[in-house]
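Encoded as structure tokens, the structure appears first; notes follow it.
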Amino acid sequence: MAKVLLVEDDQILAKLYQTKFNKEGIDMQLASDGQEGLEKFKSFNPDLIILDLIMPRVDGFTFLAKAKEDPLLSGRKVPILVLSNLGQESDIKRAQELGAKDFFVKADISLSQMIDKVKKYLKK
């Protein structure tokens, strides 16, 4: 079973995603901020990460930078997909420079579309 880590501080959205992904046969674990996400990244060993950018304690940009710097994390080459309310070109470029494989604006993608995108990345 594929494993996905969702790093998202909106608990209602996170639970919705977890329920739908689990119904699709994908084991989804949740982290409510970047610090918890980095800890779960090491213990859960996900095949893919969906990352919000605006979060308390450790934001998504810092998460990306720390994941890139940590040889244990960067060596695993886990795809990180950003799912954020931010959508300016500068935010997208910065996230990609820090290692994000793709960038999605929450308002522009449905849950079912996100599941399809994740499934495509898991097949790569």
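The numbers here are math on the coordinates, done by the rules we state, and not lab data. Keep in mind that what you see is a predicted model, and the values were worked out from it rather than measured. Reconstructed Cβ throughout: ideal geometry from the backbone, glycine too, with neighbour counts over all protein chains shown.
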* Looking at (1) crowded, with 18+ Cβ neighbours inside 10 Å; (2) at positive phi, which is the only condition L6 fails? -> (2)
* Which ones in region 74-90 are over 12 Å from the mean Cα position of the chain (by Cα) and either crowded, with 19+ Cβ neighbours inside 10 Å or under 23 Å from Q11 (Cβ atoms) (or both)? -> N85, L86, G87
* Asked: Mind checking whether some residue in region 18-38 is part of a helix (DSSP H, G or I), more than 24 Å from K120 (Cβ to Cβ) and in contact with a helix residue (DSSP H, G or I) (Cβ under 8 Å, 6 or more places away or on another chain)?
  -> yes
* Tell me which of these I50 doesn't satisfy, since it passes every other one: (1) without any contact (Cβ under 8 Å) to a residue 40 or more places away in the chain; (2) not in a helix (DSSP H, G or I). => (1)
* Structure fact -> Of the conditions (1) closer than 19 Å to V4 by Cβ; (2) in contact with a helix residue (DSSP H, G or I) (Cβ under 9 Å, 6 or more places away or on another chain); (3) of a type in the set (D, E, K, R), the single one that R57 does not satisfy is (1)
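Which of the residues belonging to region 82-117 are among the β-branched types (V, I, T) and either part of a helix (DSSP H, G or I) or in contact with a His (Cβ under 8 Å, 6 or more places away or on another chain) (or both)? Spell out how you get there, then give the answer.
Initially, region 82-117 is screened for residues among the β-branched types (V, I, T), giving 82, 92, 105, 109, 115.
Passing the criteria: I92, I115.
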